[in-house]
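Shown next, in structure tokens, is the structure this report addresses.
Please treat every number below as a calculation from the coordinates, not as lab data. Here the structure is a predicted model, which means the values were calculated and not measured. Neighbour counts are summed over all protein chains in view; Cβ atoms, including those assigned to glycine, are modelled from backbone coordinates with ideal geometry.
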Amino acid sequence: MLLILIGRFMRFKILTIILFLFAAGSFAQSVSEVQFQRIKKRLPAEKDKAKKADLLYNAATYYTEAKAIGKDELENASLLNKELFKLGNELKLSRHIALSLLLEGKIESEKGDPRLGVEFYKKSMDHAKRNALKSSEASACYELGRIYNDHEYNDSCIKYSKLAVKIKKQLKRKDIYRELTLIANSYWSMSRYQEALAFGLEAEKISQETTVELEWLTHIYNGLGMTYAEINADHMSFPYYEKALATARKDNNQDMITLIIKNIGNEHYRNENSAKALEVLSELNYYAGKDCNTQDLAIHLILYRKVKQYAKAKPYYEQLLKCDYEKNTEGPWLETAYQAILFYLLETGQAHDTYAYVDKLTKLAKANNNLTNLSVLEYSLFKIDSIKGNYIGAMEHLKSYKRLNDSIFNRDSAKQLNELHVKYETEKKNKNIKLLTQQGKFQEVKIRNATIVRYVFIGSLGVLFIFVALLYNRSRLKQRAHKALELKQHKINEQNDQLKKLLIEKEWLVKEIHHRVKNNLQVVISLLNTQSGYLKNKDALMAIQNSQNRMHAMSLIHQKLYQSDNLDAIDISWYIHELVNHLKESFNTDQKISFNLDTESIKLEVTQAVPLGLILNEAISNAMKYAFSGKDKGEIYVSMKRMGGDSYRLIVSDDGVGLPENFESLERESLGMDLMIGLTDQLDGNFEIKNRDGLSIAITFSKKKPLVDIDPGTVAL
């Protein structure tokens, strides 16, 4: 839940930065320092008033485009522009009047009066329209779109930017990537990611066909990365972020480099890869005590806590308190800071200090009716009551957390269904438009043929009769063929619609099944945890813990399946890392046991993933409990590799004390060993155990083919 909140709050911060950067967009053709010095020399001596107007415009533009626009630059630009406007009116130079009004809008905006800037931009647009100055009209529309984008008036930005694109296309100009990027950014701000993606991709396409400033190319790539991130298409967002970062480095744009690195780090965190997020953010060289940036302090506190490096998290926690973040922070980042501190205190054994933050978060969540915040609070209260031994209260908070979590899941599911419906209706309308266009062309052909018939009638009645007869017969055949094709197309469309509906229903049904199985397993785990509080027998407690770990091993699989778009298979590499982290927390090894994980990304179906997960759970649990008895430290090695074709090999080994010399695997009285051998048989695999320099367990098995790939004739009845 905290992950979702951070993703949303970082989106707010990113948007603010983007709007600031867009405000620095190009206003007119750049005037270099050398050109400006030449203009200064020519201005006093220029006798041709039309040429002098051009020089005045270029000189004023130089000041408005200065890297650091101050009071002096704006004053100089204003004086030059007033002279330009006077000269334009005197000579009735329509283009220069439009340019002067445009410059005045820029000057007033830079002075801090965007409202007055908009007035001058609109005057420039109206003047250009009255005098048929298409290029100047497009420039005014662009500036209106830019200034509305800067102040988050998204509808107005889209309106004027689209008008600028329309005019430039009429002029066959290729420099429409700026307007397209502004439109994409506005749609992104409105959470209309489908339109944002469409215009962002069009801007990228245009950028490949013309010369584009590196700054704008950076914006295009970064915008596409952010849009793909919002629709959870990480396989597309990361490549665009990398393109954006490379372009920003080439442009030496430090602001954009910082922004994109934060975007990439945020995306890794949203994918639950906190270690990778820390690795990426390390390039920014941000450390506790550098400043009082609540955002950066809270993010680093959360990430170090997630990877359980509490010693490194502590300075960021202390710096947050030292900076008096409650007074210096507004908006969503205050909630993030509260949550970061709350979970840090919980996990470092300071639960008694968490109540104040729970109260503050509760007020914010209730005030905003934020289901996500309320869910986080219920989970934190569950952890607090569990630590205090209030298991009845903990169970109630856990139930509330599950209920709120289900509500959020169902809300997101409804949103996705609605998006699918909108997409379907849009495609349907496009098909209807295409069909009407084809019918219009067909009618045009009929009218043209009728005209030919009239001219032939004047020439010869006989030829007319034959021609009309042939034309009529041909028309009937075409109509029949057309109706037959329409009927077939209608049937095909109906069948496709039914198949799409069935597929969607099947996918959501399977997800719901995995979701319920996972919830039921979690309830059983919680019940066992509650039951353990009433037991004092060590063997009974150990049996309950073993059962909880086995159930968690199965629960992880169902959790991944209902949260993933792939309902058939699970990534075993991800699963091994998650299972090891859970077991490390369950046994509380205190860094005594280290893990060496050597795994490949392998996809297995549920029928094989479940027994393999239980085998992993038993092998690792036994090693952690028995392998290092009497030793100060040890290492457990876990390997999952492809041997070639569809054959795989799992190895779990340790450098512990090993098995007794008189141990016979066939005469064992171990439920864990029975389970591993029995589950290996279920995988149709080979079970090997070696007792040398520790214990090594190896399982070799082949990937089962899906039922759809099996020839029905080979299935025995």
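Quick notes on this structure:
- In terms of the mean number of neighbouring beta-carbon atoms within 10 Å, the peptides 155-166, 245-256, 44-55 order highest first as 155-166, 245-256, 44-55.
- Across Lys40/Lys106; Lys538/Lys625; Lys592/Lys625; Lys67/Lys106, pairs whose alpha-carbon gap is larger than 18 Å: Lys40/Lys106
- Gain in span if fully extended, Ile452 to Thr210, counting 0.36 nm per residue against the direct Cα distance: 82.5 nm
- Estimated distance in nm for a label pair at Asn271 and Lys478, the labels positioned 7 Å out from Cα along Cα-to-Cβ: 5.5 nm
- At R0 = 22 Å, FRET efficiency that the Cβ-Cβ distance of Lys363 and Leu321 yields, to 0.05: 0.65
- Each residue, Gln531 and Leu503, gets one label point 7 Å from its Cα in the Cβ direction; the gap between the two is 4.4 nm.
- R0 of 51 Å, Cβ-Cβ distance Arg130-Met236: FRET efficiency to nearest 0.05: 0.65
- Sorted ascending by nearby beta carbons within 10 Å, beginning with the fewest, His490, His482, His577 become His490, His482, His577.
- Packing-based exposure ordering (other Cβ within 10 Å, fewest first) of Glu578, Glu688: Glu688, Glu578
- Contour excess over end-to-end distance, with Cα ends at Ala543 and Glu486 and 0.36 nm allotted per residue: 13.7 nm
- R0 of 45 Å, Cβ-Cβ distance His151-Ile392: FRET efficiency to nearest 0.05: 0.25
- Extension gain, Glu90 back to Ser282 (0.36 nm per residue minus Cα-Cα distance, nm): 63.0 nm
- GluC sites (Glu not before Pro) restricted to DSSP loop in the stretch 101-157 with at most 15 other C-beta within 10 Å: Glu152
- Computed label-point distance, nm, for sites Glu600 and Arg42 using a 7 Å Cα→Cβ extension: 6.8 nm
- Loop-located chymotrypsin sites (Phe, Trp or Tyr not before Pro) in the stretch 569-632 (DSSP state not H, G, I, E or B) with no more than 14 neighbouring Cβ atoms inside 10 Å do not occur.
- Entries of Lys168/Lys250; Lys603/Lys641; Lys122/Lys159; Lys134/Lys159 with Cα pairs more than 19 Å apart: Lys168/Lys250
- Neighbour-limited loop hits for trypsin sites (Lys or Arg not before Pro), the stretch 586-640 (at most 16 other Cβ within 10 Å; DSSP other than H, G, I, E, B): Lys592, Lys631, Lys633
- This ranking places Cys323, Cys292, Cys141 by how few other beta-carbon atoms lie within 10 Å of each, fewest first, which gives Cys292, Cys323, Cys141.
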